[in-house]
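Contents: one structure, followed by commentary.
The values are calculated or read from the model by the stated rules, or taken from the named source; none is laboratory data. Everything quoted here is computed from the prediction, not taken from an experiment. Virtual Cβ from ideal backbone geometry, glycine too; neighbours counted across all protein chains shown. Please note that ligands, DNA and RNA were not included when accessible areas were found on the heavy atoms of the full protein model with its side chains. Shrake-Rupley method; radii C 1.70, N 1.55, O 1.52, S 1.80 Å.
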Amino acid sequence: MTGTEGQPILAALSFRPSQTTISALLGGFGTLSVPDFQRGYAWDDEAVSLFINDVDRCRKRRQLSVPQPHFFGAVVTSPGEAPGTSRPHLTVIDGQQRLATVFLLITALRRRYEKAHVATLAAGDVEELADYFGSRASNLVRAFECAHDIEFKSQKSVRKLILNKADDPFFASLLAQEDRTPSRASHERLEHANSAIEAYLDELEDRAENAEDTRRVLDSLYVVFLKDWLIVQLAAGTNREANRIYRVLNSRGVPVTNCDLLRASTLDFAVKKLEGADIDAMAADWDSILTGSGLPPDVALDAAFCSRTGIIRAQNGSVDQIEEELFPHLQSDEKPTIEEARDVFRSVCNLRKDVEELTKIASGQLCQAAHVSFTPVFRSRFDALFSVLGQNYCLPLLHAASCLPPKHYVKFCDIVERFAFRYGVVVRAPIHALEPVFSEHIRALRANPEGFRIGDLKADLAKLVDAYAGEELFRERLLTMEYGRDTRKPLRYALVMVEHMSRWFDENPQGAPVCRDATRVIDFRSITLEHIEASNAANLDPELTPYINNFGNLTVMSQAENDAVANKPFEQKRAVFSKSGLAINRSIGEYETWNLENFKTRQQNLLERCLAIFSI
């Protein structure tokens, strides 16, 4: 197995691989536990359904006397210890999803044997069969569910599999069939998995017509568990070695994100030196990163990483690069110091704050405190860059720039927004070409925010526009952009921007475009597009038919105005246009009729305005 550079990954790792069965792993003398730094139970309904299908396939083969082993993947373990006892113990670094699900199944199977034992006795059936059911149930508990500590003549029963601190209390209640209330997504997934397993066993039992049929059904699953479920156990010498193997072999079940991997490695590193309260705080930070972001966790992680370093990572890139830059202490094989553990603690906290801020930006909110420079129109345009135009590649740059004074940040965002519309939305120029420019300016912002020159950014973006989104190409793309599912938002945005900058253009279009009325907000999200000449108008001008969905035949209106004009002819719409609160519509009302000539005049005017507004 090799990494992205083709170099062997496992060659330098120290571990003992062995093929075994899940029953042998659980049936050993010791116990297993999932460390607190591992993620919670992650199998969704689909993953559990696939597991049950695998189980049922093995069961059917057993019943046909043609058993076929099924490989359930790798389980990565490292040496552990059970405090207060000499009992052998292993830490499960990878494989907790299938082990937890198997454990749910064998405890459910044991309860079925117990129920059959009681039912057989109550029915007065053959006593030997009732004893058989009871013996099977006892064996499952004794051999696979519980270990027994004998210390100083006292005996204590301990569950063979312990999940992490966040999941185990709920897991215990679930196994014991006690009252419980899920408080985390992982609890809900455990509940759903248990319900699916119970439903599967119910279905099998419903087919049994008598106690003997029940025995055959339950025994087929019992033998499958004992003999047919194969795994490869990779027994590493240390947690660090186990985590390295875990990263390479994560190929089955729910994909582990880079956030999951970093969560495991940072908590494993810090738990050796920090107090419990700090570890809980770090785990809470990771929970926030993994579940509290409106962005996919790894997207948020890559954006935060880029915002901090200026490095734009390849999609699905290795987590090692992030470790090297943000968590360099994790690269050492030496035992961590307290100060190193605190550094990792602080880095995780900072990462969580970055992800929270990036999530706000992606949802169209500013991450800075309120300021007079952040006018209603600016806030609306800031929101539109992501919610309407979807230009998420700008996230790291705008986050890095949030250190600028508010007045400068407004200017910075204005340039990026107008550039993104022209370059990324209309022309669809190559994003890879702008990545070096964004990276350079992120690094400059992080190195010296006080000395950052917005003029340098503007000059670099202007070069990109000249190279990839020149005036003729921009004009051509605007002219050919027709009303449709994928173009409604960009067209709506362009028309609203024309409205915002109408006074600036009409009075003196010099320098950067300016909205002269910064308090009047036109909501990019709720404003609607309206055809000036309706496509289904009763007396549609045949000369206008080819241009019905073109830029020049579109305008923006409130929903109420749009409903009022509907598909009425231009003569009736004109009165609404004339009284509109938008200059862009009042200018339409100045036309006595709507024909091809007036359409071309308006379209040319819109193009000139767009060229001025979106000039860098």
- [ ] Name, by its number, the condition in (1) free of Cβ contacts under 8 Å to residues at least 60 places away in the same chain; (2) farther than 14 Å from GLU597 by Cα that does not hold for GLU543.
- [x] (2)
Open item on the list: On the basis of being under 27 Å from the mean Cα position of the chain (by Cα), farther than 30 Å from LEU398 by Cα and touching a residue at least 40 places away in the same chain (Cβ under 8 Å), does ALA270 make the cut?
Closed with: yes
Task: Selection within segment 198-215 - surrounded by 13 or more Cβ atoms within 10 Å (Cβ to Cβ), farther than 16 Å from GLN63 by Cβ and more than 35 Å from the chain's Cα centre (by Cα) - done: ALA211
Task: Of residues in segment 440-462 being among the small types (Gly, Ala, Ser) and closer than 17 Å to ILE415 by Cβ, the one surrounded by the most Cβ atoms within 10 Å (Cβ to Cβ) - done: ALA444
Task: VAL75 being touching a Lys or Arg at 6+ places or on another chain (Cβ under 8 Å), within 30 Å of GLN233 (Cα to Cα) and surrounded by 21 or more Cβ atoms within 10 Å (Cβ to Cβ) - done: yes
- [ ] Examine segment 433-451 for a residue that is under 23 Å from VAL514 (Cβ atoms), assigned by the TED database to the domain that holds GLN391 and either of a type outside the set (A, V, I, L, M) or out of contact with any strand residue (DSSP E or B) (no Cβ under 6 Å at 6 or more places or on another chain) (or both), and state whether such a residue exists.
- [x] no
Task: Members of segment 447-479 found to be of a type in the set (A, V, I, L, M, F, W, C), in a helix (DSSP H, G or I) and touching a residue at least 24 places away in the same chain (Cβ under 8 Å), listed by number - done: ILE454, LEU457, LEU461, ALA462, LEU464, VAL465, ALA467, LEU473, PHE474, LEU478, LEU479
Task: Hits in segment 527-559 - residues which are open to solvent by 70 Å² or more (accessible area, probe 1.4 Å), at pLDDT 85 or above and closer than 15 Å to ARG488 by Cβ - done: GLN559
Task: Of residues in segment 1-27 being open to solvent by 30 Å² or more (accessible area, probe 1.4 Å), among the small types (Gly, Ala, Ser) and more than 30 Å from the chain's Cα centre (by Cα), the one modelled with the highest pLDDT - done: ALA24
Open item on the list: Is it the case, given these coordinates, that LYS353 is without any contact (Cβ under 8 Å) to a residue 24 or more places away in the chain, under 20 Å from the mean Cα position of the chain (by Cα) and farther than 15 Å from ASN392 by Cβ?
Closed with: yes
Task: Test: residue in segment 160-180 that is assigned by the TED database to the domain that holds GLU46, open to solvent by less than 50 Å² (accessible area, probe 1.4 Å), touching a residue at least 60 places away in the same chain (Cβ under 8 Å) and touching a Cys at 6+ places or on another chain (Cβ under 7 Å) - done: yes
TODO: Check off (1) aromatic (Phe, Trp, Tyr); (2) within 35 Å of the chain's Cα centre (by Cα); (3) at pLDDT 90 or above for PHE524 and give me the number that stays unchecked.
DONE: (3)
Open item on the list: Looking at segment 399-435 only, could you name the residues that are closer than 24 Å to ILE311 by Cβ and in a loop (DSSP other than H, G, I, E, B)?
Closed with: LEU404, ALA429, PRO430
Task: Test: PHE474 is outside the structural domain of PHE551 (by the TED database), open to solvent by less than 30 Å² (accessible area, probe 1.4 Å) and of a type outside the set (A, V, I, L, M) - done: yes
